[in-house]
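Below is a structure I'd like to ask you about.
The values are calculated or read from the model by the stated rules, or taken from the named source; none is laboratory data. Only a predicted model underlies this, so the values are computations on that prediction, with no experimental measurement involved. Neighbour counts are summed over all protein chains in view; Cβ atoms, including those assigned to glycine, are modelled from backbone coordinates with ideal geometry. Calculation scope for accessible area: heavy atoms of the full protein, side chains included, ligands and nucleic acids excluded. Shrake-Rupley method; radii C 1.70, N 1.55, O 1.52, S 1.80 Å.
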2 protein chains.
Amino acid sequence: MLFIPGLQDHDNRLSRATVVRFSLYLRQLEDRVLKGEAKVSSKQLGEALGITAAQVRKDLACLGNLGQPGIGYSPDELIAAIRHILGIDRTWSVALVGVGNLGRALLRYKGFPFRGFRFVALFESDASLVGQRVEGIAVHGLTDIAKVVHADKVELAVLAVPSDAAQSVADSLVQAGIKGLLNFAPAVLRVPADVSLVAVDLTVQLEQLAFQVHTHYVM
Amino acid sequence: MLFIPGLQDHDNRLSRATVVRFSLYLRQLEDRVLKGEAKVSSKQLGEALGITAAQVRKDLACLGNLGQPGIGYSPDELIAAIRHILGIDRTWSVALVGVGNLGRALLRYKGFPFRGFRFVALFESDASLVGQRVEGIAVHGLTDIAKVVHADKVELAVLAVPSDAAQSVADSLVQAGIKGLLNFAPAVLRVPADVSLVAVDLTVQLEQLAFQVHTHYVM
């Protein structure tokens with residue numbers, strides 16, 4: 001399944017926009033738990049995300065009957081329910097392909113382990129890195145993808161490789177049985193229908209920004 | 001204006017989804033120009049993006065009367081029209097704040113200069129880097145943001161700083177007159193209404209992927 005953020009309006013049973021909002025609610029709720037807040041209202045969540053309280057209530061209704069009218073929601077209950085619906089109430093074993101600057105930045109990104117994404121294997125074409133450890137994780141050559149994915153029970157893979165290598169790396173990962181790819185290479189990848197693909201095109205993000213600033217200028 | 005990909009369904013005059021598709025058409029069209037193709041059909045573009053030819057024709061109609069029925073579109077004409085509507089038929093001067101692994105990866109990302117985004121100034125809190133050059137660009141201290149933004153006519157800024165520093169850096173950039181921020185820190189930032197903000201939350205992307213794989217498992 002090809003999935004480019006913003007391209008499809010609907011996928012699976014929840015809309016993509018709803019799923020993104022669940023991730024954003026999660027961040028807000030975790031902040032509130034850290035601050036010791038025991039209740040949160042749809043109004044507060046709406047204000048934090050820049051959307052209406054009615055939209056918040058509609059989204060959270062997908063999680064079951066969790067809120068109490070006039071009292072609000074328990075952040076802990078909402079966090080558990082959102083993590084469950086997103087499939088992140090568990091640990092995911094993730095491989096990273098490409099241990100350059102972007103790969104190293106991703107390895108150090110604290111949000112991933114906090115949310116249950118655990119890097120268990122690294123792959124790199126640069127022979128001088130193969131056999132070494134980066135952030136405590138062993139670096140393997142690309143020819144070992146199938147063996148390592150199987151041995152380490154890798155479920156998801158993050159591609160931080162140059163564009164011209166991305167499709168062949170994706171093919172190797174899919175052949176090895178990986179069911180989900182997060183692609184940072186600015187290349188459109190083809191994967192079988194039973195493999196999920198999320199593409200992060202950093203240029204698209206900067207173009208979105210330029211468009212907004214440009215439109216502000218014009219208006 | 002707060003803009004988180006996937007959060008709003010409509011902004012400005014074109015929908016966010018349409019603007020993202022324009023970026024993706026651009027990539028396809030550039031590939032085709034490189035291959036020497038003089039014509040492209042809505043069917044070909046639709047297949048490349050995984051959407052219908054009807055959707056492609058609807059999107060491209062926003063650009064004016066460019067295609068010829070039965071013959072197709074000129075990739076060069078479409079590229080010029082899309083670059084114009086997105087506001088990227090010009091060069092944007094960009095500052096990068098945070099010259100760690102992520103910042104360095106972004107500096108080396110070839111897509112940016114190719115699309116007219118030119119890094120002209122770097123800012124970093126690490127005093128040992130201030131005064132040095134990274135990828136040929138001078139690194140300044142955070143206290144020099146206002147001075148350098150003005151001197152180098154910086155228009156957009158990319159934030160690749162830790163979460164706890166992001167809001168204060170954003171405040172400094174906004175005070176210095178920056179009108180667009182691309183934020184990689186996993187923090188929700190507040191900016192004035194006349195400043196555009198695009199947030200790239202890498203955890204959200206990985207959560208989207210986990211959700212898709214999780215849903216495939218369930219179905």
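Counting just the Cα atoms, what span does the stretch B:68-187 cover along each of its three principal axes? Round to the nearest Å and put the largest first.
Principal extents (Cα only, largest first): 61, 30, 26 Å.
With runs of 4+ DSSP H residues as the only contributors, calculate the mean residue ellipticity of the protein assembly as shown at 222 nm using -39,500 (n - 2.57) per run, divided by the residue total and rounded to the nearest 500.
It lands at -13500 deg cm²/dmol.
As a test question: what accessible area, to the nearest 10 Å², does B:His84 have when a 1.4 Å probe is rolled over all protein chains in place?
Around 110 Å² of this residue is reachable by solvent.
Using a 7 Å offset from Cα along the direction of the beta-carbon, what are the separations from A:Asp144 to the same position in each other copy, nm, ascending?
In nanometres, ordered from closest: 4.4.
Could I ask something else about it? Long-range amide H contacts for B:Val158: which residues qualify at under 5 Å (H placed 1.01 Å from N, peptide plane, sequence gap of 5 or more or a different chain)?
HN-HN under 5 Å from B:Val158: B:Ala95, B:Leu96, B:Val97, B:Leu182.
Oh, and also: With just the Cα atoms of the stretch A:170-219, tell me how far they stretch along each of the three principal axes, in Å, largest first.
50, 16, 12
Follow-up. Using the charge dipole of the protein assembly as shown (Lys, Arg: +1 at Cβ; Asp, Glu: -1 at Cβ; taken about the Cα centre), state which of A:Leu181, B:Gly72, A:Val161 has its Cα farthest towards the positive end.
B:Gly72
What residues qualify as long-range amide H neighbours of B:Phe119, i.e. H under 5 Å apart, gap of 5 or more or another chain, H built at 1.01 Å from N?
B:Val94
I'd like the interface area for chains B and A: accessible area of each alone minus the complex, both sides summed, 1.4 Å probe, protein heavy atoms only. What is it in Å² to the nearest 100?
Protein heavy atoms only, the B-A interface buries about 7000 Å².
Here is a follow-up. Round to a whole number: what % of the accessible area of the stretch A:41-169 belongs to carbon and sulfur, probe 1.4 Å?
The C+S portion of the solvent-accessible surface of the stretch A:41-169 is 54 percent.
Quick one: divide the alpha-carbon radius of gyration of chain A by 2.2 N^0.38 Å and tell me what you get.
1.16
On the Cα set of the stretch A:133-185, report Rg and Dmax in Å, please.
Gyration radius and largest Cα-Cα distance of the stretch A:133-185: 10.8, 28 Å.
Provide A:Leu129, B:Leu29 ordered by accessible surface of protein heavy atoms (probe 1.4 Å), highest first.
A:Leu129, B:Leu29
Moving to a separate point now. What accessible area per residue comes out for the stretch B:135-219, rounded to a whole number of Å², with a 1.4 Å probe?
Dividing the accessible area of the stretch B:135-219 by its residue count gives 38 Å².
Let me check the size of the stretch B:27-115 from its C-alpha atoms; what are the radius of gyration and Dmax in Å?
So, for the stretch B:27-115, Rg and Dmax equal 16.1, 51 Å respectively.
In nm, give the distance between the simple-model label positions of B:Glu77 and A:Ser15, each being 7 Å from the Cα along the Cα-to-Cβ direction.
Reported label-point gap for B:Glu77 and A:Ser15 is 3.5 nm.
Report the far tail of the P(r) of the protein assembly as shown, meaning the percent of Cα-Cα pairs longer than 36 Å.
Considering the protein assembly as shown, 27 percent of its Cα-Cα pairs are separated by more than 36 Å.
When the dipole is taken about the Cα centre of chain B, and only Lys, Arg (+1) and Asp, Glu (-1) are charged at their Cβ, what size is it in debye, to the nearest 20?
600
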